[in-house]
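K.L.:
Structure in structure tokens, see below.
The values are calculated or read from the model by the stated rules, or taken from the named source; none is laboratory data. Worth saying up front: this structure is predicted, and the values here are computed from it rather than measured. Cβ: placed from backbone, ideal geometry, glycine included. Neighbour counts: every protein chain shown.
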Amino acid sequence: MKTDLSKVFSISGEQGLFTYVAKATRGVILESMITKKRMCAGSDAKMSALSDISIFTKEDEVKLREVFEKMKIELADKEAPAGKSDPEVLKDFFGKAFAEYDPNRFYVSHMKKVVEWYNALKKYASLDFEAAEKEDADSKVAKAGVGDSKKSSAKSAEAKQGKGAKGASKAAAPAKSNVPRKVIA
């Protein structure tokens, strides 16, 4: 089964990774990959989807999915070094697996998180990711819709003129005056 990184979250202050279960009234329901316990994370929780995380390189940024794929090639079936490994071990590992990282902006603390996430995904989920396939499908849909742009722009022009399916639009409210009111004392 493929892993969708947009549904895998890291929560500040919580151990491990969490998968999205459902939307709740005041947040989202997440399930721990390790313990399988569910929790409700409120809107004030500092959560990050793994699909939104990027790693700094010397020239630009690279999505975490691509870093995981390079790590997978380097490691084959082995696990990544533990997060509590010596900093030099982590730097050497990333020097081999992801040599283009920027050592001035991708710190050892970041490396620890990445290897812990990699090992958690390897153990509790899958290192085959859905995101690449979704991006390809989205680009195909976008390319297929290119010919329809004239039709959609004509529809939007009609809607702006009030000739859409719902009929005439309401008249706009008059603009407020910038003239200050007189104060009578």
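K.L.:
With respect to residue 82, determine if the residue is out of contact with any Leu (no Cβ under 8 Å at 6 or more places or on another chain), at pLDDT below 95, within 14 Å of residue 116 (Cβ to Cβ) and surrounded by fewer than 18 Cβ atoms within 10 Å (Cβ to Cβ).
P.N.:
Answer is yes for this residue.
K.L.:
Something else: Tally up the residues in segment 57-84 that are assigned to a loop (DSSP other than H, G, I, E, B) and among the hydroxyl-bearing types (Ser, Thr, Tyr), please.
P.N.:
The qualifying residues number 0.
K.L.:
Then there's this: Consider residue 9 carefully, then state whether it is touching a Leu at 6+ places or on another chain (Cβ under 9 Å) and not in a loop (DSSP other than H, G, I, E, B).
P.N.:
So residue 9 passes the test.
K.L.:
Looking at 31, 14, which is the one that is outside any strand (DSSP E or B) and not assigned by TED's automatic domain parsing to the domain that holds residue 117?
P.N.:
Result: 14 is the single residue among 31, 14 that is outside any strand (DSSP E or B) and not assigned by TED's automatic domain parsing to the domain that holds residue 117.
K.L.:
Being part of a helix (DSSP H, G or I), aromatic (Phe, Trp, Tyr) and under 21 Å from the mean Cα position of the chain (by Cα) is the filter here; which residues of segment 85-134 pass it?
P.N.:
117, 118, 124
K.L.:
Also, quick follow-up: Have a look at 24, 41 and point out the one that is crowded, with 18+ Cβ neighbours inside 10 Å and free of Cβ contacts under 8 Å to residues at least 40 places away in the same chain.
P.N.:
Answer to the check: 41.
K.L.:
Can you tell me which residue in segment 58-73 is surrounded by the fewest Cβ atoms within 10 Å (Cβ to Cβ), limited to those that are over 15 Å from residue 9 (Cβ atoms) and within 18 Å of the chain's Cα centre (by Cα)?
P.N.:
Among them, the one singled out is 60.
K.L.:
Now a separate question. Sort through 159, 76, 132, 49 and tell me the only one that's modelled with pLDDT of 85 or more, among the small types (Gly, Ala, Ser) and surrounded by 12 or more Cβ atoms within 10 Å (Cβ to Cβ).
P.N.:
Going through 159, 76, 132, 49 in turn, just one is modelled with pLDDT of 85 or more, among the small types (Gly, Ala, Ser) and surrounded by 12 or more Cβ atoms within 10 Å (Cβ to Cβ): 49.
K.L.:
Just need a number here: residues in segment 90-102 that are surrounded by 13 or more Cβ atoms within 10 Å (Cβ to Cβ) and free of Cβ contacts under 8 Å to residues at least 40 places away in the same chain.
P.N.:
Qualifying residue count, segment 90-102: 6.
K.L.:
Are any residues in segment 12-52 closer than 15 Å to residue 113 by Cα and within 13 Å of the chain's Cα centre (by Cα), and if so, which ones? Before you say what the answer is, go through the steps one by one.
P.N.:
Narrowing segment 12-52 to residues closer than 15 Å to residue 113 by Cα: 12-18, 47-52.
Correct list: 47, 48, 49, 50, 51, 52.
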